[in-house]
Amino acid sequence: MEDLSAIASFARGPDSGKMRAAVSPIHDPASYSNGDDEWETHCGGEWPRTGTEEDEDGFPSFRLLDSDDMGGSVDGAEDGGDEDESFSSSFYKSGVDWSCLRSDSTEGDVKSPMLGIAGDGGQKSMEKKMKQASLLHMWGLKGKEVVNDSSPLNTTVRKRKVEAFSEVRTKNHYKKSKPVSMRRHVKKAVESRPRACPFYKKITGTPFTVDAFRFGRIEGCSAYFLTHFHADHYGGLSKGWSHGPIYCTPLTARLVTMCLSINPSYVHTLELNKEHVIDGVQVTLLEANHCPGAALIYFRLPNGQCCLHTGDFRASKSMQAYPILVKQQINVLYLDTTYCNPRYKFPSRDEVLNYVVRITKNQLKKQPRTLIVVGAYSIGKEWVYLAIAKDLGVKIYANASRRRILQSYVWPELSERICSNPKDTPLHVLPMSSLRFEGLSSYLNTYKDQYAAVLAFRPTGWSFSEAVGNHLDLIKPTSKGNITIYGVPYSEHSSFTELQEFVQFIRPEKIIPTVNVGNPSAREKMQSQFRQWLREK
């Protein structure tokens, strides 16, 4: 384990306000096979905390900061905020992983959470609520509708919750507003109510939890593991964290320290593919093929029982060559079931990357003065814009916040292509949430002397359509004037087929799904699917 005291060098300089370089080493990110959630504090202050009640799927109800909170538009074209805008302001704007959200307006059909943005200038989608998708909805079944206000499009939901304190009603009591003092008391009681950590975040037979930071201090927990730096996994971590040691990969540790201002003394790094012993348990982290720094976590207990927690991952053939998975029987598998539905049979990531490059080159032949835009979250989707940059031989423009994060990867192939001047390259990376016609039109106008059109890509698994399947040429972009937006099924989560192959390779004694687990019917549907997979081979 690496001592993280040196990583404190990421903290702000007392005068310059700039981030200093990392001292801590990292495994070679270029070894990723391939490269879909993000907020808390910036280097120097905490984000506004809101109600932390859970939805039916065990996810926190946080409100993500919108452009008003951040003091500006997410569609700003220039880097002018480098000095005036805080690191977190820009970091928060970089977007959230929408992979577990769905539009409130959809009934039994999970579609891209950006539905409506491409076709109507974003006005309709800004009025929609976003919800945690459950397998009931994925399979076309109706279930209890529970609002998840973790979307920036859903800030009004939180406001209504807060306002509801002024009109708390019971069956047999008054309907008038309660006194201010009572409303405050009720609100304080709700916020201070202890939240029980769900079983699927506890590693059986150990005093360990995984991605369970929003539950505060967990009784009996001696080690808190973080699989990767996406907000639905690190949610609950803040500058004041003092509940216990945090274990993660070196890159995730750097991001936690840099972005959330966690005291480095609580952060312990575990190198990939190296056995570590923590409280008598052998722990090994393996590449998860999700986002940079993401890891599968393998636990071998003193009694010989073995558990594997996938965090978020995209299963690949290369994982079947991991020696520790080949040699050891896995007793309990904690499985990322984001796309555990037969309809989600994605094309491979290489196929999608080749398609994106081909579309880009065709567009440039028709209109050489085209600005290429790739939507991305704060962490993730790097392989999409890197593929375009390598094929075209161009640099990658990203704003100051994103550049700071990308440089922390210590990924030479990527770092050497990043530039700070947006006019030096036709390839720009913008927050996924800003890929709207209205925003892109405004963005293009900033560079009207240099570009005449925009070609934008929104890479997410929710872009997948059964009608298209693996026939990517059937994808129909949405266009408005000189702006074209492609939704491409590039996912950093496992497809249904990949999950099946991985489970049949691991052949665990028990599978505990970690996504869409709030509904008994959904859980049984998944368990039935798991049993079928294990019978087939």
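Okay, residues lined up against (1) touching a Cys at 6+ places or on another chain (Cβ under 7 Å); (2) β-branched (Val, Ile, Thr); (3) part of a helix (DSSP H, G or I); (4) open to solvent by 50 Å² or more (accessible area, probe 1.4 Å):
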| residue | (1), (2), (3), (4) |
| --- | --- |
| PHE299 | yes, no, no, no |
| GLY304 | no, no, no, no |
| GLN320 | no, no, yes, yes |
| LEU325 | no, no, yes, no |
| ILE330 | yes, yes, no, no |
| LEU333 | no, no, no, no |
| PRO347 | no, no, no, no |
| TYR355 | no, no, yes, no |
**Request:** Look through the stretch 370-403, keep the residues that are under 26 Å from ASN445 (Cβ atoms) and among the charged types (D, E, K, R), and return whichever of them is farthest from the chain's Cα centre (by Cα).
**Result:** LYS395
**Message:** Within the stretch 468-480, does at least one residue satisfy the condition of being touching a Ser or Thr at 6+ places or on another chain (Cβ under 8 Å), among the hydroxyl-bearing types (Ser, Thr, Tyr) and within 28 Å of PRO422 (Cα to Cα)?
**Reply:** yes
**Request:** Within the stretch 349-375, work out how many residues are of a type in the set (A, V, I, L, M) and more than 24 Å from GLY481 (Cβ to Cβ).
**Result:** 3
**Prompt:** Can you name every residue in the stretch 278-297 that is open to solvent by 10 Å² or more (accessible area, probe 1.4 Å) and either in contact with a Leu (Cβ under 7 Å, 6 or more places away or on another chain) or of a type in the set (Lys, Arg) (or both)?
**Reply:** GLU287
**Message:** So GLU438 passes all but one of these: (1) in a helix (DSSP H, G or I); (2) surrounded by 19 or more Cβ atoms within 10 Å (Cβ to Cβ). Which condition number does it fail?
**Reply:** (2)
**Item:** Condition met for ASN470 (part of a helix (DSSP H, G or I), of a type in the set (S, T, N, Q) and out of contact with any Lys or Arg (no Cβ under 7 Å at 6 or more places or on another chain))
**Value:** no
**Request:** Please tell me if ARG314 is of a type in the set (D, E, K, R) and surrounded by fewer than 23 Cβ atoms within 10 Å (Cβ to Cβ).
**Result:** no
**Complete:** Of the residues in the stretch 393-435, those that are open to solvent by 10 Å² or more (accessible area, probe 1.4 Å), in contact with a strand residue (DSSP E or B) (Cβ under 9 Å, 6 or more places away or on another chain) and part of a loop (DSSP other than H, G, I, E, B) come to VAL394, LYS395, ASN399, ARG417, SER420, ASN421, PRO426
**Prompt:** Would you say LYS381 is of a type in the set (D, E, K, R) and crowded, with 20+ Cβ neighbours inside 10 Å?
**Reply:** yes
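The values are calculated or read from the model by the stated rules, or taken from the named source; none is laboratory data. Source: prediction; values computed, not measured. Don't worry about glycine lacking a Cβ; one is built from the backbone with ideal geometry, like all the others, and counts go over all protein chains shown. Each accessible area value is taken on the protein alone, full model and side chains, heavy atoms only, with ligands, DNA and RNA left out. Shrake-Rupley method; radii C 1.70, N 1.55, O 1.52, S 1.80 Å.
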